[in-house]
1. In region 232-265, what count of residues is obtained for those that are over 18 Å from residue 149 (Cα atoms), more than 12 Å from the ligand (Cβ to nearest atom) and assigned to a loop (DSSP other than H, G, I, E, B)?
2. From the list 193, 167, pick out the single residue that is away from the ligand (no atom under 13 Å from the Cβ) and touching a Pro at 6+ places or on another chain (Cβ under 8 Å).
3. For region 303-315, how many residues are assigned to a loop (DSSP other than H, G, I, E, B) and surrounded by 22 or more Cβ atoms within 10 Å (Cβ to Cβ)?
4. State all residues of region 251-276 that are out of contact with any helix residue (DSSP H, G or I) (no Cβ under 6 Å at 6 or more places or on another chain) and among the charged types (D, E, K, R); if no residue qualifies, say none.
5. Can you work out which of the residues in region 149-164 that are in contact (Cβ under 8 Å) with a residue 40 or more places away in the chain and of a type in the set (Ser, Thr, Tyr) is farthest from the ligand (Cβ to nearest atom)?
6. How many residues are surrounded by fewer than 18 Cβ atoms within 10 Å (Cβ to Cβ) and either assigned to a helix (DSSP H, G or I) or within 16 Å of the ligand (Cβ to nearest atom) (or both) if we restrict to region 78-97?
7. Residues that are farther than 14 Å from residue 190 by Cβ, within 16 Å of the ligand (Cβ to nearest atom) and of a type in the set (Val, Ile, Thr): does region 220-231 have at least one?
8. Quick check on region 204-219: of everything there that is away from the ligand (no atom under 16 Å from the Cβ) and of a type in the set (A, V, I, L, M, F, W, C), which residue is surrounded by the fewest Cβ atoms within 10 Å (Cβ to Cβ)?
Amino acid sequence: MHTFPDAKAVVRELAPDEPVILNRPHAATRAARFFIEKFPGKPLYAVKANPTPDLITTLWEAGITHYDVASIAEVRLVRGLLPDAVLCFMHPIKTPKAIAEAYHQHGVKTFSLDTAEELEKIVEACRNPETGEPATDLRLCVRLRVSSEYSELSLASKFGCDLTEAPALLQLTRQHCDWLGICFHVGSQAMSPFAFVQALDRTRAAIAEASVVIDMIDVGGGFPSIYPELEPPPLEDYFQIIHQHFYALPIAYNAELWCEPGRALCAEYSSLIVRVDKRRGEELYINDGAYGALYDAAHVAWRFPVRALEDDLRDPVQDFACYGPTCDDADYMAGPFALPGDIKAGDYIEIGILGAYGAAMKTGFNGFGNAEQYVVTDEPMASLYDGSRQRPEADNVVSLR
Ligand SMILES: *Cc1c(COP(=O)(O)O)cnc(C)c1O
């Protein structure tokens, strides 16, 4: 991958006709090191947030050894790149064929489930094909349903067993494995550490009721990144509160603590160069949108930082909305995006913090899916990891906003 100092250099050299994704391996490495050094347990990478192979190998080189995969295609992808990585199949609904291939061909031992049917599916698919003996090395995680009330994107309704079902499912699952975990997901971009307190309280209730030995607690993803008007408290606050509440759980003395960040590990990895192809008043028609890397900007009106890449724009910034390139009214990003008032057709814009659920969402709809990718070495437009937002070591007061 060709390397440039920054987005302006790319525009000067290439004047790209199509959107360009800019990747910052140093930002992903820094995020991974932060989690490895400061999270009081093991951080997995949730591959769905951004499955770019260069990112996956960058995270591995930074020390991320475990990967949360959710489909057989993700299993094959990560196994192809990283023969020694530990893969955890954390989607609670899998097909028998996907489970069997993951277990027998790719060495996957860790699976999540939220029903007795899924447990049975896993046990059957992992039997020894010759002897019919059940697998003895399964590591199973029961997914609990928890509240998403502190998060920008809910994951509360689809997966997870509720507190009335959890004790029986934990007891049943314990009969099929020597290593039993509990996992949950508080929703993406959790804006308060308290999201994890609530979820861990529910975990405690489930364990107390089930009275089984628990070997692992996986607090999932949901760790925030930083966007306009979505500036979270320092991640250290999340880690500290998780640590406290984990230690208070009635679990095995050597129980492990895991987390599965997607967004927090990769959001700062990518930005996007788009070109203004037309201006109509305060609306800019740009060449990427709802069916591309700006899925969240369109569908959940998420705001991303922007900057104009031309040096000759002089007017003060004003608010713009953007249309994407397809022939569809839904291809619209309300923003607002603050850009110089004299921006015009032909000008380029960089949109930042798109590494999570941005690059991963690009489709070819209407013929607009192309994007070259380059490495740039400048800083992301905002960062949780550049030292500017961390609490000083001495100040270990957790604020619950
Ligand atoms: C999506 C997902 C993640 C990552 O979530 P983020 O909010 O991006 O951190 C982790 N675990 C599971 C099971 C998921 O579905």
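1. The number of residues fulfilling the criteria is 9.
2. 193
3. Number satisfying all stated conditions: 1.
4. Matches in region 251-276: 256, 260, 275.
5. 150
6. Of the residues in region 78-97, 6 are surrounded by fewer than 18 Cβ atoms within 10 Å (Cβ to Cβ) and either assigned to a helix (DSSP H, G or I) or within 16 Å of the ligand (Cβ to nearest atom) (or both).
7. No, the conditions are met nowhere in region 220-231.
8. 208
The values are calculated or read from the model by the stated rules, or taken from the named source; none is laboratory data. Please read all numbers here as calculations on a predicted model, not as lab measurements. So basically every Cβ, Gly included, is an ideal-geometry build from the backbone, and we count neighbours across all protein chains shown.
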